[in-house]
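The structure appears right after this line, and notes come after that.
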Amino acid sequence: MSVLLVRVDDRLIHGQVTQGWGSLLQPDRMVVVNDEVASTPWERELYEASAPEGTAVTVIAVDTAAGTLAERIERGESLFVLLASPADALRLYRSGFEYGTLNVGGLHHREGRRRILPYVFLDEADEEAFRALAREGVHLECADVPGCERKDLQEWLGNGASAT
């Protein structure tokens with residue numbers, strides 16, 4: 001099948017993801033690509049148990065993700081790929097798993113981050129990772145839930161403006 005959506009959301013799997021995106025996309029598998037979750041058994045089990053009925057969840061480290069994702073696609077699975085950070089999205093892309101569009105969903109407020117949208121706050125490292133993905137040809141599309149107005153993040157990178 002294919003990759004239905006690649007999404008950056010610092011909460012990974014939660015209500016908007018399972019009910020909103022999961023219901024719309026109906027993937028065979030949600031793939032959480034995150035080193036910390038992959039290396040923490042109880043956290044991995046929590047995410048694996050949080051998917052909607054009929055959707056499998058796999059949790060893998062960033063460095064091994066490209067090969068695993070390619071294998072799943074070869075098997076005919078439809079995938080919803082979830083990453084917690086722009087840096088991980090860039091690492092995944094550069095490891096050989098190329099994608100055309102990255103959905104930027106929820107990057108919440110933290111010290112040192114500036115507001116781009118009500119659900120997207122970025123620091124300089126986040127912005128640089130997104131710029132690098134844009135230079136690679138990845139379209140950066142902000143949308144926290146299906147059906148909301150999509151915003152082109154590339155319009156807001158580097159100019160200090162807010163997308164709202």
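The values are calculated or read from the model by the stated rules, or taken from the named source; none is laboratory data. Since the structure is predicted, the reported quantities are computational estimates derived from the model, not experimental observations. Every residue, glycine among them, receives a Cβ derived from its backbone with ideal geometry; neighbour counts consider all protein chains shown.
For region 95-113, the count of residues that are among the charged types (D, E, K, R), touching a strand residue (DSSP E or B) at 6+ places or on another chain (Cβ under 7 Å) and not in a loop (DSSP other than H, G, I, E, B) is zero.
Within region 119-134, does at least one residue satisfy the condition of being assigned to a loop (DSSP other than H, G, I, E, B), crowded, with 18+ Cβ neighbours inside 10 Å, under 16 Å from the mean Cα position of the chain (by Cα) and in contact (Cβ under 8 Å) with a residue 12 or more places away in the chain?
The initial filter retains those residues of region 119-134 that are assigned to a loop (DSSP other than H, G, I, E, B), namely 119, 123.
Still in the list and also crowded, with 18+ Cβ neighbours inside 10 Å: 119.
Within this subset, residues satisfying the condition of being under 16 Å from the mean Cα position of the chain (by Cα) are 119.
Checking which are in contact (Cβ under 8 Å) with a residue 12 or more places away in the chain leaves us with 119.
Yes: one or more hits.
Taken over region 141-158, residues that are surrounded by 17 or more Cβ atoms within 10 Å (Cβ to Cβ), part of a loop (DSSP other than H, G, I, E, B) and not small (Gly, Ala, Ser) amount to 3.
Residues that are crowded, with 20+ Cβ neighbours inside 10 Å and of a type in the set (A, V, I, L, M, F, W, C) were ranked within region 72-89; the one that is nearest to residue 130 (Cα to Cα) is 89. Against the numbered list (1) at positive phi; (2) small (Gly, Ala, Ser); (3) touching a helix residue (DSSP H, G or I) at 6+ places or on another chain (Cβ under 7 Å); (4) touching a residue at least 40 places away in the same chain (Cβ under 8 Å), residue 96 comes up short only at (4).
Here is a list: 65, 89. Which entry is over 29 Å from residue 149 (Cα atoms), touching a strand residue (DSSP E or B) at 6+ places or on another chain (Cβ under 8 Å) and part of a helix (DSSP H, G or I)? Every option except 65 fails the conditions.
Residue check: is residue 107 within 12 Å of the chain's Cα centre (by Cα) and at pLDDT below 95? Before you say what the answer is, go through the steps one by one.
On the way: within 12 Å of the chain's Cα centre (by Cα): yes; at pLDDT below 95: yes.
So residue 107 fits the description; yes.
Within region 41-56, being of a type outside the set (D, E, K, R) and either modelled with pLDDT of 95 or more or in a helix (DSSP H, G or I) (or both) holds for 41, 42, 46, 47.
The set of residues in region 8-20 that are buried (at least 23 other Cβ atoms within 10 Å of the Cβ) and more than 22 Å from residue 87 (Cα to Cα) is empty.
Considering each of 5, 92, 107, 69 in turn, give the residue that is within 29 Å of residue 154 (Cα to Cα), touching an Asp or Glu at 6+ places or on another chain (Cβ under 8 Å) and buried (at least 21 other Cβ atoms within 10 Å of the Cβ). Walk me through it before giving the result.
Working: 5 fails: touching an Asp or Glu at 6+ places or on another chain (Cβ under 8 Å); 92 fails: touching an Asp or Glu at 6+ places or on another chain (Cβ under 8 Å); 69 fails: touching an Asp or Glu at 6+ places or on another chain (Cβ under 8 Å).
So the residue among 5, 92, 107, 69 that is within 29 Å of residue 154 (Cα to Cα), touching an Asp or Glu at 6+ places or on another chain (Cβ under 8 Å) and buried (at least 21 other Cβ atoms within 10 Å of the Cβ) is 107.
Restricting attention to region 67-96, the residues being small (Gly, Ala, Ser) and under 14 Å from the mean Cα position of the chain (by Cα) number 4. Residue by residue through region 1-31, note down the ones that are more than 23 Å from residue 150 (Cβ to Cβ) and not in a loop (DSSP other than H, G, I, E, B). Within region 1-31, 29 is the sole residue that qualifies. The sole residue among 9, 28, 63 that is in contact (Cβ under 8 Å) with a residue 60 or more places away in the chain and not β-branched (Val, Ile, Thr) is 9.
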